[in-house]
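Participant: Quick one: the structure is below, questions incoming.
Any read-out appearing in this document is the output of simple, stated calculations on the displayed coordinates, not a laboratory observation. Given the structure is predicted, the values throughout are model-derived calculations rather than measurements. Cβ: placed from backbone, ideal geometry, glycine included. Neighbour counts: every protein chain shown.
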C-alpha cells in the first residue's frame, strides 16, 4: 500500500530516541507535544501537493497544506503511538491501522488518501530527509540482521525448539523437511518420504 514510503520516510535513526522515550513516557503532555511537533514537521516536508488534516486521539485537527492544489483528505489516528508508528514504519503501520480501524479516513475515501500519497511521492524522494531516512534505515537494517552467535541461537530456538505435537502435524516420523515424492494420491506422507529417499539413493 505504501511501498514508496517504506524506503523514504522510515527515519529510523532520527526517531530511535523518541520511539523508546514515547513508550516510557507516553502520558507526559509536554513530551508528547514536543514529539508531535517533530512528527508534524516531517509530515510537512512530505506534503507538497494537496492538503492533509490529521486528528490524533481527541486532540485538535492539524492541517498540513502543500504549495500545489491536490487531494484534500482528513484522517483520524486513534492515539499518538500510531502517529509515531506511521512515521517510523509506514509500510506496515498504515495498512494495519486502516484494517483494524485505528486509522480512519473521512467519508472512508481511501482513493483520495492514496491519491494524496502518490501525488507527493516524487517530491519526497528528492527531499534530504528522505535520503537521510534511506541511509539510516539501511544502516540500522544491517545491524539488526547481523547474525551474531547469541542471536543465531535464539533464532534457532524460536523456530525449532517446539513440541513434537506441532511437527507431527506436517512432518513424517523421520522429521524430514524436504518434499516427498508421491506416486499416487493414496500415498501417505511417510510413504512419499521413503520413496524420495529411495530415488535419491538410486541416483548415487
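Participant: What span do the alpha-carbon atoms of the stretch 164-203 cover on each of the three principal axes, reported in whole Å from largest to smallest?
Facilitator: 33, 21, 12
Participant: For a protection proxy built on the mean count of beta-carbon atoms within 10 angstrom, sort 82-94, 152-164, 187-199 highest first, please.
Facilitator: 82-94, 187-199, 152-164
Participant: What is the antiparallel percent of DSSP beta bridges lying wholly in the stretch 37-99, to the nearest 5?
Facilitator: Counting only bridges with both partners in the stretch 37-99, antiparallel ones make up about 40 percent.
Participant: What is the packing order of peptides 69-75, 34-40, taking the mean over residues of other C-beta atoms within 10 Å and listing the highest first?
Facilitator: 69-75, 34-40
Participant: While we're on this one: How many percent of Cα pairs in the stretch 40-105 exceed 21 Å?
Facilitator: Beyond 21 Å sits 19 percent of the P(r) for the stretch 40-105.
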